[in-house]
1. Inspect segment 177-184 for any residue being crowded, with 16+ Cβ neighbours inside 10 Å, of a type outside the set (A, V, I, L, M) and in contact (Cβ under 8 Å) with a residue 12 or more places away in the chain and give the result as yes or no.
2. Would you mention how many residues in segment 202-254 are acidic (D, E) and under 26 Å from A35 (Cα atoms)?
3. Given the conditions (1) surrounded by fewer than 21 Cβ atoms within 10 Å (Cβ to Cβ); (2) touching a residue at least 12 places away in the same chain (Cβ under 8 Å); (3) more than 19 Å from Y99 (Cα to Cα); (4) of a type outside the set (A, V, I, L, M), report the number of the one that D206 does not fulfil.
4. Starting from segment 63-91, keep only residues that are in contact (Cβ under 8 Å) with a residue 24 or more places away in the chain and surrounded by 16 or more Cβ atoms within 10 Å (Cβ to Cβ), then list their pairs with residues that are assigned to a helix (DSSP H, G or I) and of a type in the set (K, R) whose Cβ atoms are within a distance under 9 Å, requiring at least 6 positions of separation or different chains.
5. Only residues in segment 266-281 that are closer than 16 Å to A198 by Cα and in contact (Cβ under 8 Å) with a residue 40 or more places away in the chain count as the first member; pair them with residues that are assigned to a strand (DSSP E or B) and not basic (K, R), Cβ under 6 angstrom, at least 6 apart or cross-chain, and list the lot.
6. Select from segment 1-47 the residues that are of a type in the set (A, V, I, L, M, F, W, C), within 16 Å of the chain's Cα centre (by Cα) and buried (at least 21 other Cβ atoms within 10 Å of the Cβ) and list them in ascending order.
7. Which count do you get for residues in segment 116-143 that are assigned to a helix (DSSP H, G or I) and either of a type outside the set (D, E, K, R) or exposed (fewer than 12 other Cβ atoms within 10 Å of the Cβ) (or both)?
8. When the residues of segment 227-250 are narrowed to those that are touching a residue at least 24 places away in the same chain (Cβ under 8 Å) and either surrounded by 16 or more Cβ atoms within 10 Å (Cβ to Cβ) or closer than 27 Å to S63 by Cβ (or both), which ends up nearest to the chain's Cα centre (by Cα)?
Amino acid sequence: MREFRFGVNLVPMSGRQEWQQRCRTAEHLGYDVIAVPDHLGVQSPFPAMVAAAEATERVRVTSYVLNSAFWNPVLLAREVLSTDALTDGRLEVGIGTGYVRKEFEQAGLEWGTAGSRVGRLGDTVTALRALLAAPRALGFPGDPSEVPLLIGGNGDRVLRLAARHADIVSFAGAVLAKGSARGTLELISAEALAERVAFFEREAGDRAARLERNILIQTVLETDDRRKAAEALRRRSPYLTVSQIAEVPTLLFGTAQEMAAALLERRERYGISYVCVQERDLTAFAPVVELLSGR
């Protein structure tokens, strides 16, 4: 059983001073990883990760996650190798297919089909792995790069890709709503995640036990009344019952002790030990980080 690691998804939208102060706050609260998204409308992930590492002492930094359509593999390898060097080896790289159609259109990229987006992700991952294994070809001295690679998603093909190529698999606890062009996500149930984890384990075979497993918690709510909280949260997800809401793996509510117990149970059930939260929950989740640190 892996020890827990905790990350926070910080969105870089400010100047250097404010951004670095937010990163220092996350480190002070006990987080292990500062995660940076890859969306149009916010600052570029690689400079943000360099600035985050410069402001902190021990936290790792990761893209969470790169949209593979935005990146030529050769230029991406250059960014990864440069950022790894400038962060003193504290870099991890997360990558996925991208899910916001409007961003593809804004960037002049073909949206295509789910299959074509996964195909592009597979090509990018394969090429990136090869380039990082031979950095001298890009003018970088030294041995092959060992930057950990996270692949995130939910579908069979993405999880199959993660099973073969990733160091970390990030289970998408939310899926794109049918017909959504804006990237609207719907939360999946505990049973649905269990099925996805089982599929991944079958595909990964002997590798399954060696890969770290991650999930992004969408909402953290500290409360003494779990029933009332579940009813309130269901208003945002009416396709789930109140009892299902209580078990949704991307929701966390209750006292700090109850939330910590829930994460221990989910680690036992799914093997997920690397947990990220949204920036809005940075402070609310900190007591849970303290309770589970080193466990």
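1. no
2. Selection size over segment 202-254: 3.
3. Exception for D206: condition (2).
4. Short answer, once both residue conditions are applied: S68/R117; S68/R120; A69/R117; A69/R120.
5. As it stands, the answer is I272/I215, since those pairs meet every condition given.
6. F4, F6, V8, L10, V33, I34, A35, V36, F46
7. 18
8. Result: T250.
The values are calculated or read from the model by the stated rules, or taken from the named source; none is laboratory data. All figures in this text were calculated on a predicted structure; none of them were measured in a lab. All Cβ positions, even for glycine, are placed from backbone atoms using ideal geometry, and neighbour counts span all protein chains on display.
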